[in-house]
1. Give me a single rounded figure for B:190-200: the average over its residues of other chain Cβ atoms within 10 Å of their Cβ.
2. Considering only Cα-Cα distances, which of the following residue pairs are longer than 27 Å: A:Lys165/B:Lys55; B:Lys55/B:Lys125; B:Lys119/B:Lys164; B:Lys39/B:Lys119; A:Lys62/B:Lys188; B:Lys119/B:Lys192?
3. Between A:Leu19 and B:Asp134, what is the label-to-label distance in nm when each label sits 7 Å out along the Cα-to-Cβ direction?
4. List the residue ranges in chain A for DSSP H helices whose C-alpha atoms run 24 angstrom or more along the long axis and whose Kyte-Doolittle average is -1.0 or above.
5. Between A:Arg277 and A:Asp244, take the C-beta separation as r, use R0 = 25 Å, and let me know the FRET efficiency to the nearest 0.05.
6. Could you tally the net charge around A:Arg218, taking each other residue with its Cβ under 10 Å from the Cβ of A:Arg218, Lys/Arg +1 and Asp/Glu -1?
7. Using DSSP loop states and a limit of at most 13 other Cβ atoms within 10 Å to flag trypsin sites (Lys or Arg not before Pro), what is the longest stretch of chain A containing no flagged site?
8. Determine the relative contact order of chain A: mean sequence separation of Cα pairs under 8 Å and six or more apart, normalised by residue count, in whole percent.
Amino acid sequence: MNIRRDEMSAYALREMYRLYGYAWYRMGKFEEYELYARNKSFLRSERILTFTDVDGRLMAMKPDVTLSIVKNRSGEKLEKLCYHETVLRADENGFRQIPQTGLECLGPVDDYLQSEVLMLACRSLETVDADYLLDISHLGYITELAALAVPEEQRDDLLEAVGRKNASAIRELCANAGTDPAVAEDLLALTAAYAAPEEMLPRMRAAVRTDSMEAACRELETVAEGVRGFLPEAKIRVDLSMLDDLHYYNGLIFRGMVAGVPFPVLSGGRYDSLLARMGKSGRAIGFAIYWDRLERSDREPENYDADAMLLYGADTPPCETAAAVRALRGRGLSVLARTEAGGARTRYRFRMEKGEVVPDE
Amino acid sequence: MSERWLNIALPKGRLGEQVYDALERAGYPCPEIREQSRKLIFENPACRVRYFWAKPTDVPVYVERGSADLGIAGRDILSEHRPDVYDLLDLGFGRCDMCVAGPADYREDPDAVLRVATKFPRIAKDYYTGRGRDIDIIRLNGSIELAPIVGLSDVIVDIVESGKTLQENGLVVFEKFLPISAHLIANKVSYKFSYEEIRRLCEGLEALRQEEGV
């Protein structure tokens, strides 16, 4: 049976999240449409697949997991949940199924819990590919610096330029607004910069001008240290230009990437404002891995029938072939043993020669 | 981490050739690109760079979807299509302006919806929305200047370089509202994984630009 990569990895991730106290959450296939209609600004896509239930209620087909989790939350205690769900979202080509695995931590979220979530994001990416990067930022820092740079009516344009790392547009907007040259220079330098927290945070600290920036800087420092406490080698970078989800997130945000996939595959952050909007108190942080974005990177291994082909002769004793197969399996390779290659495609080819396994050139 | 290759999408045509010349001078040569051939992709293993030519409007698509790490696209294309890419550097090549133009004797009727012919509906819409003006966008794919002459539109929104074509057809520029030039763009994920290589290339082009005063 061919088990999909997201199903295999979701199981591994669930086990890992469980070790840190995350309980399994399963959402219903359908939810009342009203929940989503009231909170459209928090959805990644405003188009929702709906149908009328037998009792006349308008129902929505799984557009979002986080909203469902927040809706079902009661009380103020700490709640740690993880899930694997397929949501239905629309883009310009129509509705698509997006399998995602994620976790949500709600309630009295503190710096330790934020560090734990970031560490789990790193470990989740590592499960997908060891060559990963987790970008972190704090919306409170960069939006405050932008507020110092230009008046409110130009804020959106400036933040868009920051999000695109567009130095010429930032310069132009700051020049037109008569921005303090030191603020403009800091904005330009910090927007372009991309480095590990140990290098970036001192630079951010040097550019602090308000209490909010100071608090944001301190939070990033504490959380980055917390992650290092778990995973000294975590591949974390600070990218202050990360601003795409301003309407959804507040405070700490992060995004994960793996080599060879041109889009971020993980996104997450603090979303206290969603809780407040739904009349709940407390804080919230979470992330999800989007498996649809990894489909293309899955494809390569599927081009092969197995990792290795082992060609044996009609007269090779079965026990010798079995030992050779066992040795190759021991190296973690899937093996296709046969007497002739035929049309099979494998990464490596070996043959049996005098009881030994040798590369088949 | 081993140094990664950089895949660069160049826009076909004079602008692309100008930009390639600059990249060559900045330390990213690929001699075979100058040879007459039907090859689509050119690479130089010595500086780990791979170039390919693409239709100018397609360059941001290649970059956004990661087939190219970097690309060169005009500000007109970036403003119109808004690809989700980093806009790293204004290279200063191919300078021109996005303009409103029309017949020299045209007088606008503020009570009527303005008919605007253009290849850039989003740019035109943004411009007139900012001025609170209702418009009827007529999307055309070429020979925009023809539209007001034959009565299809009142004005046009188009790129004007020298203004010669307009002049020869009795049209004048009413307003220049968006300066255009070639920009270096990057895929948002490639930028992260090839940060050192991309910054080095940007600095090379920036230094060249300052040296040559483009």
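Coordinate-derived values only; no laboratory data. In this text, all values refer to a predicted model and were calculated from it rather than measured experimentally. Here the Cβ is made from the backbone with ideal geometry for all residues, glycine too, and neighbour counts use every protein chain on show.
1. Values: counts 3, 4, 9, 7, 1, 6, 1, 0, 1, 3, 0.
Taking the mean over all residues of the peptide, I get 3.
2. Numbers: A:Lys165/B:Lys55 24 Å; B:Lys55/B:Lys125 25 Å; B:Lys119/B:Lys164 19 Å; B:Lys39/B:Lys119 31 Å; A:Lys62/B:Lys188 29 Å; B:Lys119/B:Lys192 34 Å.
From A:Lys165/B:Lys55; B:Lys55/B:Lys125; B:Lys119/B:Lys164; B:Lys39/B:Lys119; A:Lys62/B:Lys188; B:Lys119/B:Lys192, over 27 Å: B:Lys39/B:Lys119; A:Lys62/B:Lys188; B:Lys119/B:Lys192.
3. Reported label-point gap for A:Leu19 and B:Asp134 is 6.5 nm.
4. Working: long enough: A:111-128 (26 Å, 0.43); A:211-230 (29 Å, -0.20).
Those that clear 24 Å and a mean of -1.0 are A:111-128, A:211-230.
5. Details: r = 20 Å, r/R0 = 0.78.
The computed FRET efficiency comes out at 0.80.
6. On the way: positive: A:Arg205; negative: A:Asp111, A:Glu214, A:Glu219, A:Glu221.
Neighbourhood net charge equals -3.
7. Numbers: sites that count: A:Arg4, A:Arg26, A:Lys29, A:Arg57, A:Lys77, A:Arg331, A:Arg345, A:Lys354.
My reading of the result: A:78-330 is the longest stretch.
8. Values: 594 pairs, mean separation 58.7, N = 361.
Over chain A, the number comes to 16 percent.
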